[in-house]
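Encoded as structure tokens, the structure appears first; notes follow it.
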Amino acid sequence: MSHAIDVRELTRTYVRRSRTGAFRSSEGKPLTALHGIDLHIDPGEVRGILGPNGAGKSTLIKILSTVLLPTSGQARVLGHDVATDTAEVRRRIGIVFGGERGLYGRLTARENLDYWAALHKLPKSRRKIRVSELLERIGLGDHADTPADHMSRGMKQRLHLARGLVGDPEVLFLDEPTVGMDPVAAREFRTMVGDLRNDGRTILITTHDMREAEAVCDRITLIDHGRVVGTASPGTVGRWITAYEQVEAQHVPAELREKIRLLDGVASIDPHPNDWIRINTDSPGVVRPVLELLVASGVTMIRTSLPSLEDVYVAVVGDRGLSV
């Protein structure tokens, strides 16, 4: 087995249904969430899947964790096909979802974990030891008998992580694990993920937060509109995105546009409706002089944004032919 996760030409299409009567529905236009993607992750690697909402990240996780079947293509986890060897895949993976899903609010932290350990068919004597070990490891030892409903968001997510580790998985899937967390809780959670790297587990984490991906991942795969854009180190991906920052402004005179166009690092200026323009940059540090020139000239309607992953692909990845 050369890859812990091996995805080849994976496609997932959803069929939309709309109601036409009290008890009838009709098929609408199909929606393709994944377009024949390839993805290869080595054992022990922490791989980030970075993309905006709707990019296909959660669909990929659901297929790899055997929750969804692929429409076409193949996905293997630890050498086992997710569609034909489902039981073996499930035995060797753990899943952590962000948000409030998956916990029983009236049960304590200890009772939640004991229940999940029972589902993993751990013997009762072993369950007690395993649950206590996990509670201490995630920092909930002093809150073992606190009902989940009485926990903070950060504590609940720690409990989610412990739940994902109950079966001692070789591969751990983290789907937007810090969504809704405050910055302190999110930072603590990332530290725990970093600690799991030392166990030698393979970890796949989906996020739309570049800082989160940079903090914990060995490599990052960009995904947008169900397609893999490219794969590189966190530092490289961070430079791609910040180097192509954009400035949008309204009611900019033609003379000022020409001055901006001549600034080093300004790649192009595109017109937009309602007399807006988008100023595209192609190197770090260019945005500040652009903003200074606009403000000094009396332009007040200004906003900045990072490029879409599609913009990054067109500007950088497409020209470099990066491997996935």
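The values are calculated or read from the model by the stated rules, or taken from the named source; none is laboratory data. In this text the structure is predicted, and so the values were computed from the model without any measurement. Positions of Cβ are backbone-derived with ideal geometry, glycine not excepted, and every protein chain shown enters the neighbour counts.
Scanning segment 68-80 for residues that are in contact with a helix residue (DSSP H, G or I) (Cβ under 8 Å, 6 or more places away or on another chain) and not small (G, A, S) turns up L68, L69, P70, V77, L78, H80.
Check whether at least one residue in segment 158-173 is closer than 30 Å to P52 by Cβ, touching a helix residue (DSSP H, G or I) at 6+ places or on another chain (Cβ under 7 Å) and in a strand (DSSP E or B), and report yes or no. Yes, some residue in segment 158-173 is closer than 30 Å to P52 by Cβ, touching a helix residue (DSSP H, G or I) at 6+ places or on another chain (Cβ under 7 Å) and in a strand (DSSP E or B). The number of residues in segment 162-187 being modelled with pLDDT under 90, closer than 18 Å to I205 by Cα and of a type in the set (A, V, I, L, M) comes to 4. Scanning segment 134-141 finds no residues that are under 22 Å from the mean Cα position of the chain (by Cα), of a type in the set (D, E, K, R) and either in the same structural domain as R76 (by TED's automatic domain parsing) or in a strand (DSSP E or B) (or both).
Taking the criterion of being at positive phi and in contact with a strand residue (DSSP E or B) (Cβ under 7 Å, 6 or more places away or on another chain), the only residue of segment 245-267 that qualifies is G265. Would you confirm whether or not segment 262-282 contains a residue that is of a type in the set (K, R), modelled with pLDDT of 90 or more, part of a strand (DSSP E or B) and crowded, with 17+ Cβ neighbours inside 10 Å? Within segment 262-282 (the criterion being of a type in the set (K, R), modelled with pLDDT of 90 or more, part of a strand (DSSP E or B) and crowded, with 17+ Cβ neighbours inside 10 Å), the answer is no, since none of the residues qualifies. Residue count for segment 215-252 satisfying the condition of being within 21 Å of I203 (Cα to Cα) and in a helix (DSSP H, G or I): 7.
Scanning segment 101-119 for residues that are surrounded by 14 or more Cβ atoms within 10 Å (Cβ to Cβ) and modelled with pLDDT under 90 returns G102, L103. Filter segment 143-185 for residues that are more than 22 Å from K128 (Cβ to Cβ) and aliphatic (A, V, I, L, M); which is nearest to the chain's Cα centre (by Cα)? Once the filter is applied, the top-ranked residue is L174. Remark: D199 falls outside the filter, which requires a residue to be assigned by TED's automatic domain parsing to the domain that holds T59, among the acidic types (D, E), part of a helix (DSSP H, G or I) and at negative phi. Of all positions in segment 209-216, at least one carries a residue that is of a type in the set (A, V, I, L, M, F, W, C), closer than 21 Å to G54 by Cβ, at pLDDT below 85 and assigned by TED's automatic domain parsing to the domain that holds G56. Restricting segment 83-109 to residues that are among the hydroxyl-bearing types (S, T, Y) and in contact with a helix residue (DSSP H, G or I) (Cβ under 9 Å, 6 or more places away or on another chain), the residue that is farthest from P177 (Cα to Cα) is T108. In the set (1) farther than 30 Å from G194 by Cα; (2) at pLDDT below 95, A249 fails one condition alone, (2).
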